[in-house]
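Derivation of every value follows stated rules applied to the coordinates shown; laboratory data play no part. Keep in mind that this is a model prediction, so the values were computed, not measured. Quick reminder, even Gly has a Cβ in these numbers, built from the backbone with ideal geometry, and neighbours come from all protein chains shown.
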Amino acid sequence: MKDSLIIALDFPNKEEVFQFLNRFDDESLFLKVGMELFYQEGPRIIQELKEREHQIFLDLKLHDIPNTVYGGMKGLAQLGCDLVNVHAAGGKDMMRAALEGLEAGTAPGRVRPACIAVTQLTSTSEQQMRSEQLIEATLAQSVIHYSLIAQEAGLDGVVCSSHEAGIIREQLGNEFVTVTPGIRLGSDLVQDQKRVATPEQARIAGVSAIVVGRGITKAEDPYRSYQAYKQAWEGVRA
Ligand SMILES: O=c1ccn([C@@H]2O[C@H](COP(=O)(O)O)[C@@H](O)[C@H]2O)c(=O)[nH]1
C-alpha cells in the first residue's frame, strides 16, 4: 500500500463503476469500495474488481462488540480484499477481535488483509469533536491516542488526516501506515471535509497512501484528473 493513490469508488451501482473504470484501459489501480457501493452490489463487486487485477480497500469501518466484529471480519477475509478497516473508538478488544477474525478467515497460504483503524474522521473539526464527542483533548492528541491503541492491538495502521500523519510517524514508527482521505488539489471544493491537504502536503507529511474520491470521480475528465493527482502525489519526495 506504500505510496499508493487510492480512488474512492463512491458510486451507487456497478454500471457506473465500470463506466468510470473503462477510461483507465488496463491500468491496475488501488480502489476503495465503501458503503454506498457495497450495500447495493454486495461481495460480488469485490470479486469482479479483483478479476480485473485491482487492489481493493474495503472501507466498511466496522464498529461493534468484539464477537460481532470477529464474525464480520472472518467473512470479509474470504472476499480477497487487500485492506479493511474498523473504528478505533470500538476499543482494543474489538480491534484484536477484528484481527483474529481476519486471520481465521484467511485461507492457508494466503496473506491476511491489512487492517487499519479510523481515528477521527476527516470530516470532523476539533470544535465538533469537543462539543459532540465531549473529548477535551486536542484533535491531534485524540488521533495519536487512537493510533497508539490501534498499534497496541496489533493493527497495521490508521486512517487520519495529513495534518496528524507526521506526528504519528514520529511517535509510532515508519512501519505503521497512515492512510489519508480529505485530499484536494488547490482548485477543488472542500465539500464536507474539514481536515484537508493537497497531495504535495500529504507527501511532505510522510503519509503512506492518499485516498481521493470526488476530485477524480466527479471531474469532467476523470482520467485527466487522476493523472493530475498522481503527478502531484508522485512528484514530491519527502
Ligand atoms: O476519515 C475518513 C475516512 C474515510 N473517508 C472516505 O474517503 C473518501 C473521501 O472522498 P472525497 O470525495 O475525496 O472527499 C470517502 O469515500 C470517505 O468515505 C473520509 O473521507 N474520511
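Which longest uninterrupted range of the chain lacks any trypsin sites (Lys or Arg not before Pro) assigned by DSSP to a loop state (not H, G, I, E or B) and surrounded by at most 15 other Cβ atoms within 10 Å? Please report the intermediate quantities before stating the final value.
Working: sites that count: K2, R52, R110, K218, R237.
Free of exposed loop sites, the longest segment is 111-217.
Which value, in debye to the nearest 20, describes the size of the charge dipole of the chain about its Cα centre when Lys and Arg Cβ atoms bear +1, Asp and Glu Cβ atoms bear -1, and nothing else is charged?
On the way: 24 positive and 32 negative charges, 39 e Å.
I would put it at about 180 debye.
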Handout entry: Computed lengthening from S123 to N174, 0.36 nm per intervening residue step minus Cα-Cα distance
Key = 15.8 nm
Problem - Those GluC sites (Glu not before Pro) in the range 113-191 that DSSP places in a loop and that have at most 11 other beta carbons within 10 Å - result: E136, E175
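Using only helices, what value at 222 nm comes out for the chain when you add -39,500 (n - 2.57) per DSSP H run of length 4 or more and divide by the total residues, to the nearest 500 deg cm²/dmol? Please list the in-between numbers first.
On the way: 11 runs with 106 residues, N = 238.
The helix-only estimate for the chain comes to -13000 deg cm²/dmol at 222 nm.
Which pairs, out of K32/K74; K92/K194; K74/K218, put more than 31 Å between their alpha-carbon atoms?
On the way: K32/K74 19 Å; K92/K194 27 Å; K74/K218 34 Å.
Table pairs above 31 Å Cα-Cα are K74/K218.
Cα gyration tensor of the range 4-235, axes a ≥ b ≥ c as square roots of the eigenvalues: rounded (a/c below 1.5), prolate (a/b > b/c) or oblate?
oblate
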